[in-house]
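Note sheet for the following structure.
All of the numbers you see were taken from the coordinates with simple rules; none came from a lab. The structure presented is a predicted model; accordingly, all values stated were derived computationally and were not measured. With ideal geometry, Cβ positions are generated from the backbone for all residues, glycine too; neighbour counts draw on all protein chains shown.
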Amino acid sequence: MSTPILDILWIIPLLPLLGAATNGFFGKNWPNKIVNTVALSATGLSFLAALEAVREFFEQGQKLVHKEFFDWIVAGSFRAGFDLQMDQLTAVMVLVVTGVGFLIHIYSAGYMAHEGGYYRFFSYLNLFMFFMLILVLAANYVLLFVGWEGVGLASYLLIGFYFLKKSASGAGKKAFIVNRIGDFGFMLGMFLLFKTFGTLDFAQLFAKAEPWSHESWGVFGTFTVACLLLFTGACGKSAQLPLYVWLPDAMEGPTPVSALIHAATMVTAGVYVVARSHILFTHSETALVVVAIVGCATAFFAATIGLVQTDIKKVLAYSTVSQLGYMFLGCGVGAFGAGIFHLMTHAFFKALLFLAAGSVIHAMGGEQDMRHMGGLSKKIKVTYWTMLIATLAIAGFPPLAGFFSKDSILLAAFNREPGWHPLYVVGLLTALLTAFYMFRLIFLTFHGKQRYDEHHVHVHESPWSMLGPLVILAVLSIIGGWLAAPSFWGGEDHFTAFLAPVFGATHEAEGMTEAAAHSLEIILAIVAVAAALIGLLVAFWLYLKQPGKPSEIAKSLRPIYTTLYNKYYVDEAYGALIVKPLLALSTNVLWKVIDVEAIDGTVNGIAHGATATGDITRRTQSGNTRSYAVWVVIGALAVLIIVFWPAIKALAGGAQ
Amino acid sequence: MVPTQYYLILSAILFGLGAVAFVFKRNIITIFMSIELMLNAVNLAFVAFSQASGKVDGQVFVLFVIVVAAAEAAVGLGIIILIQRNRQSLNIEKVNLLKL
């Protein structure tokens, strides 16, 4: 059987790299049309190649494809090669990355048309695609880490795209530095894995790890430590507590970047790594519990902040953090399939939400504050309807995508031992909050009174290059969940079944008949939808029926409101507890003592010493001829004395 | 026959006078002359040794010294004339342009 694309799997990441290089090196003076043709065809071809690769993968019977293209690092028994692999999990990720990525490229072509640095933007965007594809296609942790760091770089470049704006360049640095903390953990985890198993290749490593005994709750063995270290990295990349702080700030970047990198793809890399390492995680009860609790806590925590934000992109940013928490909750309760499923549906509807928000911002001429919007639904119809679909999807209304994916996570959380039920309750509560803040966004933006000055803002619908991707993503947000839908009617969950070769059989509730399990699922689904409905109705009542109420409530609950509005003062706390002491230490010790005194002191000291020596010895070169004459005489005498020293000594001895 | 030590003592006295004059005199021509004095003190020592040892090496060496001294005198006097022309003085203290 011939599998042309699978044999040259590297073509998928290479195409965007070529696009990035072409635009980056030569695009400066090209017209926009050529720049976006290059960028779009690079990603488009990459998407087609990915489609073909996945088709071939199916055709050859869905067996793991592992290709070694060349050796990269070989040292003793250690080998890290440029090895790519294709399995079910990679197939999902590659299609999401290239598919959503391509749609966002199309959108960007319209959105960025009036911005400076067009070629730079597309070069970075293609570079991001390259690294992200390396990340998901890599067949070992080292190569994965290359992609991991690379997407961090691309993210940094794109957050700081408007680098003349202080807040944007600051946000870029913040993202990079916070991620660095996680990456440190990730590297330590890799070292520990290599030390224990002697390989970092996925297939070999997992095969070696499989027979090891499981570590129960509270045992801090190799697996627990390695998993927690890897999870630290995932926390940084996927913006989980306590390292989530960079993601809301990352909204300084252009909106398509927020959609692609900070919602749909890059931030899910952490979830991907946890899912990819699921064999390690399932060996450690402690690690799973930590993942579940961190995910659940983040989901709730971010959702509460999202309740009161007024910047349309900030709401979506906190929503992203919250939804990523859901994915980790899914992984933590052992339902890796559900976590990845939510990753996929989230990529659709969150990309759509961001792109639609971008379209709103575009229509409002750059306004991002929802308090200055309102009543836009009639003026930008396509944007409104697509955004409404995405909102329904994220809130979890059937039959949209978010319903099935969120439901399967909550079900998995409920099906674990009773000790896990608090996680389910918090997850459900978060679903309610999600519905509330998302409909708050919709009502504030599109309904109610118009709160902007019509003479200043000329509201206009975006061009079709921007609306097209919105419509496609809206369709995906509707049908994306149907892969898992049949399970709702007692059938097979196709998505989980598809991923089963990677993740193994799913955790079924034990001691329960299929019928009981099924009726339980329906009850839980009804509860979840009810929660979402309550959120919707509260938002409807507060923001449409009683527009004065929210500020009244805010006033009566002043402390809570200000705490939420200021994001629990986490940034301030980090600033006071970490940044300030670190700055003080750096300024007073590292800079003023070690750098200035020790390092500069040594260098300058040597120079001063040379000058001082020169100052003294320079006096011998007086320019006075007679002093030279004296030196000649002294020198001659010295030579004489040295030459005749034995004779002089003998003479002196003889004299005695 | 005059003992060799006498020649050597005379040579040392002449050389010492030359060296002292070389250091303390200010006139360039005087300094030049003191150098000649030292050279000739050495020549005397050479000749004395040659006579004492009965070999001609020392005398050959003296001839060389005289030739070199002649050449040196030609160059040195040329320099002295130039200094005189440029500074209207032969005071060695005034020749100090190399000083920083």
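Points worth noting:
- Chymotrypsin sites (Phe, Trp or Tyr not before Pro) within the range A:184-224, DSSP loop, no more than 14 other Cβ atoms inside 10 Å: A:W217, A:F220
- Karplus 3J(HN,Hα) series, Hz, for the range A:560-570 with 6.51 cos²θ - 1.76 cosθ + 1.60 (x for Gly, Pro): 5, 4, 5, 4, 5, 4, 8, 6, 6, 6, 5
- Rounded to the nearest Hz, the phi-derived 3J(HN,Hα) couplings of the range A:398-414 under the Karplus curve 6.51 cos²θ - 1.76 cosθ + 1.60 (θ = phi - 60°) are x, x, 7, 4, x, 4, 5, 6, 5, 4, 5, 5, 5, 4, 4, 5, 5, where x marks glycine and proline.
- A:W72 long-range amide H proximity, modeled H, under 5 Å: A:A80, A:G81, A:F82
- Of A:K195/A:K580; A:K67/A:K195; A:K173/A:K592, those spanning more than 27 Å from alpha-carbon to alpha-carbon: A:K195/A:K580
- The calculated P(r) of the range A:31-83, using every Cα pair and 5 Å bins from 0, goes 5, 15, 12, 13, 14, 14, 12, 10, 3, 1, 0 in percent.
- Qualifying lysines (Cα of each under 30 Å from Cα of A:K379; at least 8 residues distant if same chain): A:K33, A:K313, A:K314, A:K350, A:K449, A:K545, A:K549
- Relative contact order for chain A, counting Cα pairs under 8 Å that sit 6 or more residues apart, in percent: 11
- The Kirkwood radius of the range A:566-606, taken over pairs of alpha-carbon atoms, gives through the Stokes-Einstein law at 10 °C and 1.306 mPa s a diffusion coefficient of 137 µm² s⁻¹.
- Efficiency of FRET from Cβ geometry, A:K379 and A:L557, R₀ 35 Å, rounded to 0.05: 0.55
- FRET efficiency, B:R26 to A:A638 (Cβ-Cβ, R0 22 Å, nearest 0.05): 0.30
- Residue-averaged 222 nm ellipticity for chain A, from DSSP H runs of 4+ at -39500 (n - 2.57), nearest 500: -22000 deg cm²/dmol
- Length gained when the stretch A:V475-A:T37 is fully extended (0.36 nm per residue, less Cα-Cα span): 155.2 nm
- Of all the options B:A21, B:A52, B:A41, the one that moves most in a Gaussian network model of chain B with Cα springs shorter than 10 angstrom is B:A52.
- The range A:597-656: projected area of the alpha-carbon convex hull, averaged over directions, in nm²: 7.7
- Amide H partners (placed H, <5 Å) of A:S238, local residues excluded: A:G270
- Binning all Cα-Cα separations of the range B:26-91 at 10 Å, short to long from zero, yields these whole-percent fractions: 21, 38, 23, 13, 4, 0.
- Rounded Å value of the spacing that divides the Cα centres of the range A:573-588 and the range A:601-656: 57
- Averaging Cα coordinates gives a centre for the range B:4-76 and one for the range A:143-174; these two points are 85 Å apart.
- Residue with peak Gaussian network fluctuation, chain B [Cα springs, cutoff 10 Å], from B:G54, B:G18, B:G76: B:G54
- A Förster radius of 60 Å combined with the Cβ-Cβ distance from A:S216 to A:L577 puts the calculated FRET efficiency at roughly 0.95.
- The phi-based Karplus calculation (6.51 cos²θ - 1.76 cosθ + 1.60; θ = phi - 60°) puts the 3J(HN,Hα) values of the range B:39-51 at 4, 6, 4, 5, 4, 4, 4, 4, 4, 4, 4, 4, 5 Hz, whole numbers, x for Gly and Pro.
- Kirkwood's formula applied to the C-alpha pairs of the protein assembly as shown gives a hydrodynamic radius of 31.5 angstrom.
- Global dimensions of the range A:46-176 from alpha-carbon coordinates: Rg and Dmax equal 17.2, 54 Å.
- For q = 0.14, 0.21 Å⁻¹, Debye-computed log10 I/I(0) when each Cα of the range A:385-454 counts as one equal scatterer: -0.52, -0.87
- In this rough spin-label picture, where each label sits 7 Å from Cα along the Cβ direction, the A:A647-A:Y162 distance is 9.3 nm.
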